[in-house]
Each structure stands twice: as structure tokens, then as C-alpha cells.
Protein chains: 2
Amino acid sequence: MKVVSRSKVVYSFSLKNSPVEYVKPGELIMIETEDALGGQIRSENYLLEKIDWSMVNGATGPIFVEGAETGDTLAVDILDVKTADHGVIVVVPKNGVLSSKNFNASVKIVKIRDGFAIFDRVRVKTRPMIGTIGVSPEAGEIPTGSLGRHGGNMDVKKLTAGTRLYLPVFVEGALFAAGDIHALQADGELCVSSVEVAGEVLLRFSLIKNKTPEWPILETHDTFEILACGESLNEAAAIATESAVVALMREHGWSFEEAYMFGSIAVDLEINQAVDPKKGVRAVIPKEYITLNSLIK
Amino acid sequence: MKVVSRSKVVYSFSLKNSPVEYVKPGELIMIETEDALGGQIRSENYLLEKIDWSMVNGATGPIFVEGAETGDTLAVDILDVKTADHGVIVVVPKNGVLSSKNFNASVKIVKIRDGFAIFDRVRVKTRPMIGTIGVSPEAGEIPTGSLGRHGGNMDVKKLTAGTRLYLPVFVEGALFAAGDIHALQADGELCVSSVEVAGEVLLRFSLIKNKTPEWPILETHDTFEILACGESLNEAAAIATESAVVALMREHGWSFEEAYMFGSIAVDLEINQAVDPKKGVRAVIPKEYITLNSLIK
């Protein structure tokens with residue numbers, strides 16, 4: 001099995017980053033990841049002012065997937081997400097959902113034991129997930145801390161072992177990268193960080209040729225979820241809704257109006273990214289009502 | 001058991017509405033409700049232009065709860081929500097999450113059979129819930145189609161039989177009203193209406209004296225959920241987050257920074273109201289991490 005070291009880190013999704021590994025569809029690959037703070041914080045006494053922000057939000061990669069071409073879909077099976085035995089949460093002034101309030105920089109080290117994160121005297125069950133995952137855009141550079149049609153820092157708590165992510169391919173080889181593992185995270189990631197942790201992600205890629213999704217699509221056991229984003233949660237909700245309505249029209253032969261109605265009864269709008277400049281809202285469609293074919297074209 | 005007829009309808013939460021029934025804490029009361037369109041639509045050929053909008057979004061009530069005084073909490077046990085055997089969904093131009101798109105007025109009658117709503121050839125499991133539920137504000141009138149600290153048109157899909165809602169009491173007797181039953185609804189109620197249906201709601205009130213929540217609080221089997229609202233989803237998310245952080249500080253003796261961090265790992269931000277002028281976001285806190293006492297004071 002190929003293993004990509006966590007030293008192979010990029011801070012943007014871009015064609016300018018040369019591949020650090022080549023894999024074939026169907027091959028297993030293990031990606032080691034550093035925590036989102038670049039491993040810089042090892043103690044609660046760490047002074048956040050000292051942090052080198054250029055080493056934050058890295059992703060391991062990029063990985064060149066053989067056979068991937070513009071207009072394809074890269075399907076990423078998340079087979080396993082392992083974490084280190086401790087992580088770190090930071091509060092950063094002017095950040096998070098409450099960015100307009102006054103508060104202090106703060107650091108907390110969180111131990112991870114037997115599947116629980118220990119926060120003070122409180123134990124919370126872990127659910128290791130991948131915060132940042134994506135591919136290169138057609139041109140330019142997108143910082144790994146941002147999100148978009150290429151994926152990126154979507155912070156979807158359901159992106160765990162056992163799920164599959166469908167990403168559009170914009171460039172030859174896709175140039176995939178991932179990082180920013182959280183031992184657990186709630187929807188919205190209120191304070192801007194969660195339990196940031198180093199980890200290892202076991203993946204397998206496959207390709208769907210000549211078809212591509214409009215937005216990244218998460219497949220869980222019982223849902224397909226359209227991972228949209230916009231300048232505000234309102235805008236992201238509208239974009240996710242429109243994409244879901246179009247997919248339902250394709251699936252059922254419904255008019256716009258019928259698909260819009262059906263959305264009201266069966267498509268949940270859920271928040272993932274509330275703390276980046278771009279906001280992420282997902283449209284969650286139960287598999288009973290949609291097939292993958294209607295989500296990529 | 002007292003029964004309030006669906007003919008006892010109001011279109012605002014206000015002191016100006018005289019009580020139509022008086023109940024004691026602990027008494028059972030059945031409220032009949034008309035569908036949110038005032039029962040005006042009985043066929044898919046109905047022309048929406050003809051609708052009398054002054055008869056839309058009614059709530060049955062108000063009900064005077066004996067002993068309720070300003071500064072108390074009214075706890076409402078939702079014991080049962082029954083629906084008629086058919087409902088109606090409408091699409092209204094310039095409404096819903098996609099209000100900026102061009103589309104036509106449209107009406108669909110949805111049959112309800114054996115716990116499923118029949119939408120074309122698709123069957124969707126029902127989950128009867130109360131869209132509008134609240135109390136009178138201290139002064140003035142709040143249309144039943146809006147939402148706020150008094151409750152109102154929150155459209156929380158989890159407000160089903162078996163849950164309990166805590167509302168602040170602003171006036172003597174609380175002046176409770178409820179309506180706008182949906183046979184089922186997804187989070188966000190994308191197109192502005194769901195399966196709008198006449199129904200019967202079985203309730204029991206209780207009072208918590210001299211303590212009041214900042215926002216309505218929903219209690220489910222395993223969560224407390226703060227039902228906040230704001231001018232945008234972003235603002236509503238910030239308001240819900242702040243309320244959750246304050247409650248976690250009270251519960252655990254944490255600093256603001258610690259409670260904010262804990263929010264990132266254990267408090268989900270979820271969308272309920274995305275299609276009213278005011279938007280609703282709830283902060284969902286598992287009961288393991290919070291008690292009611294920290295949510296009302």
C-alpha cells in the first residue's frame with residue numbers, strides 16, 4: 001500500500017503543486033495528516049500570538065489519480081480515519097460564529113481515550129472526520145482553508161469512515177489532497193476549530209468517466225448530500241436547494257414547481273461551514289428519492 | 001377534556017385577543033387546527049390568485065393558562081398530533097428559498113394513507129408536527145406567520161408528539177395559540193409550504209414559576225434545543241450560539257472561551273426556518289451536557 005507522509009503538505013489546491021504520489025483507481029492509499037495547526041501547539045501554555053499562520057490548514061498531497069480527466073467524477077471511499085491520542089482546540093479572537101464578541105485567545109489540549117475526547121471532566125464520543133478534502137481547480141490557487149466546487153475546507157461532520165465523496169475533476173490526475181482531521185465536530189464548528197488532530201486516512205479512489213457533479217456529493221449509508229457553499233448561509237442554502245431541485249427534476253421527471261415542493265417535505269438543509277468567509281450548507285436527500293445518476297451529469 | 005374548535009382562530013399573538021378557553025396546569029386540552037391556508041384550497045385546480053391571504057397562517061386560541069405570570073416558563077407537552085387524511089402544498093412565486101427564481105404558482109393535494117404522504121408515485125413517511133406555536137408578547141401584535149422569543153412560526157420539524165416546548169411567559173395567562181400542522185416537513189421548508197393539513201393537537205401545560213428561557217427551548221428524548229431567530233441565517237446562528245455558550249458556562253462553570261470551544265464539538269447548529277423574513281436556527285445540545293436549569297433562569 002502506498003503511504004503519503006504528512007510532510008508532503010500543501011496550503012492550496014492548485015495545478016502549481018506537483019504530485020507527491022501517483023495512484024490507480026482501486027488501489028489503497030494511506031495519507032498521513034498533520035493537525036490543522038501544523039502541529040505547532042503542544043501545550044495549553046502556548047501563546048497563540050506566536051503561531052505561524054502560514055503553516056495552518058495544510059492538506060497532504062497532491063495525489064495524482066491515473067486516468068482522471070477534466071469532466072470526470074472522482075469517487076473517494078473513506079475507508080478509515082485514525083487519530084493521534086490527543087488533539088487541540090483553539091479560540092482565536094475575531095473568529096467563529098461569535099466573531100463580533102470580545103474574548104481571549106485560548107488553547108485546550110484534549111486527550112482521546114477509548115473513543116472519547118476528554119474535555120475537562122466531560123467525555124464526548126469521538127467521530128473522526130476529514131475537515132479538508134478536495135481537488136485542484138482548473139486554474140489558479142484556492143487556499144486549503146477555503147471551500148468551493150472543488151471541495152476544500154467543508155468541515156462536514158459526516159465525512160467519516162464508511163462514506164464516499166464524489167468530487168468534480170477539473171485537471172488531469174485530479175490532484176487530490178486532504179487534511180484537517182477532527183476527532184469530532186458539531187455542525188457549524190462554532191468557535192472555528194474543533195478537536196484538531198494528526199491522523200491517518202485510508203482511501204480508495206474510483207472514477208466515473210465523462211460525468212461530473214455540480215458540487216461535491218457525500219454519500220452516506222442512507223443519503224446523498226449536496227455540499228454547496230456561498231457568501232452567506234442564506235446564499236449557500238439557496239444554492240444547495242437549487243441543485244437538489246434540479247436533481248429531483250431529473251430523477252422523477254417533475255416540473256420545477258413539483259421538485260421544489262418535494263424539497264419542502266424530504267430534503268433537509270443542514271449547516272456544515274458557519275465560520276469560514278464562505279459558508280457551507282448541504283441539501284440532504286434520502287436515497288429512497290434520488291439516485292447518483294441524477295446528481296452527476 | 002376541553003376541546004377548542006378550529007373556528008377559534010387568530011392571526012396574531014397579542015394581548016388584544018381575548019381568551020377562548022381557560023385551562024389549569026396538568027389538565028388535558030385538545031386543540032383543533034385548520035390547515036395553514038385556512039382550508040381554502042380543496043382542489044389542484046384552485047387558482048392561488050383567488051386566495052384570501054388574510055385567512056392564512058391562523059392559529060387556534062388564545063388559551064389562558066391559569067397561574068401563568070410574566071417571567072414564568074410555560075412548558076407545553078405535545079402528547080399527540082393527528083392530521084386529516086389529505087393536505088395541500090403550494091408554491092407561491094417570489095417565495096421560498098429560491099424566491100429570486102422565476103416559477104409559477106402551483107397547488108398539489110397530498111393524500112395521507114397509513115402514515116405515508118403520497119406525492120405523485122412517491123410515498124414519504126409522515127411525521128406530524130406543529131409549525132406555529134407560541135404565546136402573546138408583552139405588548140403589540142406579532143403576526144402568526146412570524147417567529148421570535150414568543151415562539152410563532154418556527155417550523156421545527158422535531159416539534160412532534162412526545163416532545164416538550166418551554167416558552168417564556170410575557171403576560172398573565174400566557175395566551176397560548178397553535179396551528180399550522182404539517183403532516184411532515186424537512187428542515188428549511190424549502191418552497192415555503194409543506195404538507196399543510198388540518199389536525200388535532202393534544203396538549204398539557206405546566207408552569208415553572210419565576211424562571212424564563214431567553215428563547216423557546218425544545219426538549220426531545222435526548223436533546224435540549226434553543227430555537228433562536230434573526231434577520232438572516234448567519235445572525236440566527238450567532239444568536240443561537242451565544243445562548244448555548246451562556247447555558248454551557250452556567251452548567252459547567254466554564255469560561256466563555258471554554259464553553260465556545262465545547263460548542264464546536266458538541267452543539268449542532270441546525271436550520272429550521274429558512275423561508276420567512278426572519279430565519280430560524282436552533283442550537284442542539286445533547287442532554288448529557290446540559291440540564292434544563294441552565295437554560296432558564
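The values are calculated or read from the model by the stated rules, or taken from the named source; none is laboratory data. Just so it is clear, the model here is predicted, and its values are computed rather than measured. Please note: Cβ atoms are built from the backbone with ideal geometry, for glycine as well, and neighbour counts cover all protein chains shown. For the accessible areas, the whole protein counts, side chains as well, though only heavy atoms, and no ligand, DNA or RNA atoms are used. Shrake-Rupley method; radii C 1.70, N 1.55, O 1.52, S 1.80 Å.
Assorted remarks:
- Positive-end residue of B:40, B:105, B:181, charge dipole of the stretch B:2-208 with Cβ unit charges: B:105
- Accessible surface of the stretch B:217-294, 1.4 Å probe: 50 percent of it comes from carbon and sulfur atoms.
- Interface A:B - total buried accessible surface [probe 1.4 Å, Å², rounded to 100]: 5100
- The long axis of helix B:233-252 is offset from the longest Cα principal axis of chain B by roughly 40 degrees.
- Cβ charges +1 (Lys, Arg) and -1 (Asp, Glu), total dipole of chain B, debye: 640
- Across the identical copies, how the residue B:211 labels are spaced - nm, sorted shortest first, 7 Å along Cα→Cβ: 5.5
- At 1.306 mPa s and 10 °C, Stokes diffusion of chain A via Kirkwood alpha-carbon radius, µm² per second: 82
- Charge tally around residue A:192: other residues with Cβ under 11 Å, Lys/Arg +1 each, Asp/Glu -1 each, net -3.
- Shape of the stretch B:159-275, Cα gyration tensor, a/c cut at 1.5: oblate
- Apolar share of the accessible surface for the stretch A:61-117: 44 percent from carbon plus sulfur atoms, 1.4 Å probe.
- Taking the axis that rotates chain B onto chain A, the chain B residue nearest to it by Cβ, with the distance rounded to whole Å, is B:233, 2.
- Structural descriptor for the stretch A:188-297: relative contact order 34 percent, calculated from alpha carbon pairs under 8 angstrom and at least 6 residues apart.
- Separation of alpha-carbon centers, the stretch A:27-74 and the stretch A:131-149, rounded to whole Å: 12
- Each Lys or Arg adds one and each Asp or Glu subtracts one; over the other residues with Cβ under 10 Å from the Cβ of residue B:120, this totals +2.
- For residue A:3, inter-copy separations between label points set 7 Å beyond Cα along the Cβ vector come to 7.2 nm, shortest first.
- Quotient of Cα Rg and 2.2 N^0.38 Å for the stretch B:110-221, N being how many residues it contains: 1.15
- Excluding ligands, DNA and RNA, the accessible surface per residue across the stretch A:217-294 is 28 Å² with a 1.4 Å probe.
- Average partner coverage of B:96-108, which counts Cβ from other chains inside 10 Å: 5
- Cβ-placed point charges (K, R +1; D, E -1), dipole of the protein assembly as shown about Cα centre in debye, nearest 20: 460
- For the stretch B:1-108, the mean projected area of the C-alpha convex hull, equal to one quarter of the hull surface, is 9.2 nm².
- DSSP-assigned coil residues among trypsin sites (Lys or Arg not before Pro) in the stretch A:190-288, each with at most 13 further Cβ atoms within 10 Å: A:209
- Look at the stretch A:236-243: the mean tally of other chain Cβ atoms within 10 Å of its residues' Cβ atoms is 5.
- Highest to lowest packing among A:163-174, A:212-223, B:41-52, scored as the average C-beta count within 10 Å: A:163-174, A:212-223, B:41-52
- These residues, A:1, B:55, go from largest to smallest accessible area, 1.4 Å probe, as A:1, B:55.
- Largest accessible area first, the residues A:54, A:100, A:264 order themselves as A:100, A:54, A:264 under a 1.4 Å probe with ligands, DNA and RNA left out.
- Per-residue mean of foreign Cβ neighbours for A:47-58 is 0 (Cβ atoms of other chains, 10 Å radius).
- Structure-based [θ]222 nm, the protein assembly as shown - -39500 (n - 2.57) summed over DSSP H runs of at least 4, per residue, nearest 500: -3500 deg cm²/dmol
- Taking the average, over residues, of other Cβ atoms within 10 Å as the packing measure, peptides A:149-158, B:185-194, B:8-17 rank B:185-194, A:149-158, B:8-17 from highest down.
- Per residue, in Å², the accessible surface of the stretch A:53-158 once ligands and nucleic acids are set aside, probe 1.4 Å: 40
- Using the Cβ of residue A:162 as centre and a radius below 12 Å, the other residues enclosed give a net charge of -1, where K and R count +1 and D and E count -1.
- Between 0 and 90 degrees, the angle of helix B:256-266 with respect to the longest Cα principal axis of chain B falls at about 40 degrees.
- All Cα pairs of the stretch B:217-294, percent lying beyond 16 Å: 45
- Three-way shape call for the protein assembly as shown based on the alpha-carbon gyration tensor, with the a/c threshold at 1.5: oblate
- Mean separation of Cα contacts under 8 Å, 6 or more apart, over the residue count of chain B: relative contact order %: 23
- Shape call, the stretch A:130-172: gyration tensor on alpha carbons, a/c limit 1.5: oblate
- Distances, shortest first, from the label point of residue B:255 to those at the same position in the other copies read 6.0 nm; the point lies 7 Å along Cα to C-beta.
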